[in-house]
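Structure record follows, encoded as structure tokens.
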Amino acid sequence: MRAVAVCLTVLLGLAGALTLVRILRGPSVLDRVIATDVLLAIIVAAVAADAAYHRDATALPVLVVLSVLGFVGSVSVARFSTGAAPPSATPSPASAAEPDR
């Protein structure tokens, strides 16, 4: 079991280091944001692996908060990176009945 924990630590550390390189060198802002989201997923995986290894359930609220933070961050970046205007209010029935002049 200890060999699996060491192997997992090395792999997560390597993934985190490569993700930090992408955050620092990313050619665009979107690359940096995606790399930050990947880094958050790596942190969630590391906390979950630590909780499983030590058989400690007190890290579960932290995992939930980090997961929600990652989801909300990804959705908000996807929403604002498209450049689309927010949906406008639907026209009122009175203005829809009037013909354009």
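Measuring between their Cα centroids, the stretch 49-65 and the stretch 1-48 lie 18 Å from each other. Evaluated with a Cβ-only charge set (Lys, Arg +1; Asp, Glu -1), the stretch 2-81 carries a dipole of roughly 140 debye about its Cα centre, given to the nearest 20. Among the trypsin sites (Lys or Arg not before Pro) in the stretch 1-85, those located in a DSSP loop and surrounded by at most 11 other Cβ atoms within 10 Å of their own Cβ are Arg55.
Hey, for a label at Ile23 modelled as a point 7 Å past Cα toward Cβ, could you say which residues of the stretch 39-69 have their backbone N under 20 Å away? 39-50, 62-69, by backbone N distance to the label point.
What is the stretch 2-81 by shape, rounded, prolate or oblate, if you read a ≥ b ≥ c off the alpha carbon gyration tensor as root eigenvalues and call it rounded for a/c under 1.5, prolate for a/b larger than b/c, and oblate otherwise? The shape class here is oblate.
Every number here is computed from the coordinates shown, using simple stated rules; none is lab data. On a predicted model such as this, the values are computed, not experimentally measured, just so you know. Glycine also receives a Cβ, built like all others from the backbone with ideal geometry; neighbour counts cover every protein chain displayed.
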